[in-house]
Each structure stands twice: as C-alpha cells, then as structure tokens.
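Since every read-out is calculated from the coordinates, none of them should be taken as a lab result. Source: prediction; values computed, not measured.
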C-alpha cells in the first residue's frame, strides 16, 4: 500500500463510507485534534511512566482510533465501523476512581507541570478539550454519535487525574496555583 495517493492534493479528503470534504471542515478539525491527542499520548508513553498508567494510556490510544473513525463517518452512514460505546466511558470512570484513591484530596487549583509525563498529560488534556469543542461544533451542524462527546469529556477528566497521579508517583506532587492578586492564597 502506497502512503501517498495524491487524492488530497486538491485540499479535500475522503470520509468513511465515501464522500469527500474540505480538509478545513469542522469534522476534519474534530478527528484531526483527536489524532493530535493520541499522538501526544504516544509521547507520554515513551518517557518514564509507571506500568499501570502506561497500560491505561495504551487502551485509551486504541479507543481514540475508534473515536477518530467514528468522527470520520457521517452520522447518517450505517455503523460499518466500530463506534465508541458507554463501555469505554465506564473504563475511563473506573480508571479515574482507582487513581483518585491514591491521591491526596485536591483543595486548590493546580498549575500544569511537574515531571515530564505529567506535563505532557496536562497538554494532552488541553488538546482533548479542543477536540471536544470541535466535536460539539460538529454536532450542532450535523448529526453525530453523541457518545463521542461524552467520551472526550470524560477523557479530559481522566488526563487531569493521570497527570496528578504521574506527579504523585514520581514524588513530585501537585503544584498549587498562587493567585497573583492575593499572594499566598489560592
């Protein structure tokens, strides 16, 4: 299989089930941003990260391929591709609950950062939120599988908790936000 097809040279791309749309369409922004988040999770997994977090992130990367294909398939197409389901949302919620049990209670806003894995997870969270915003915009313009929005919302929650867990497990802890208008207060 050749990596280049030349079919996108005119600024359009193909969708699952046929049809072509502009590469700057909202749908492309949505699943392209999901792909960006997935790529960053791959970066996280290259660095020092504990086995549990690595395993969860590997599963999420596979979920994100399903999310991307879901978004690349117009809502009126028959579900010939896998669609994200409530089971994947439950997976994220259970992972959040497990990780939160090991973390100190959050009592203030925290600044993204810490060990590299945590900093990248915070960045992945912001990319995930952007994917969610594009997906919501897409859902206003045309029907989509609504489970995708729910999954992305929960994924951003997971990435926040995972960043905290990466810091905690590395002995770094959270970095509290110091309100510049009230030094010493959060």
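A few points about this structure:
- Ratio Rg/Rh [Cα only; Rh per Kirkwood] for the stretch 127-175: 1.19
- Annotation: extensible slack from residue 175 through residue 111 equals 22.5 nm (criterion: 0.36 nm per residue apart, minus Cα-Cα distance).
- Intensity falloff of the stretch 37-136 expressed as log10 I(q)/I(0), Debye formula with alpha-carbon point scatterers, at q = 0.24 Å⁻¹: -1.52
- Separation of alpha-carbon centers, the stretch 40-66 and the stretch 137-186, rounded to whole Å: 16 Å
- Segment residue 100-residue 150, length gained on full extension (0.36 nm per residue, minus Cα span): 16.0 nm
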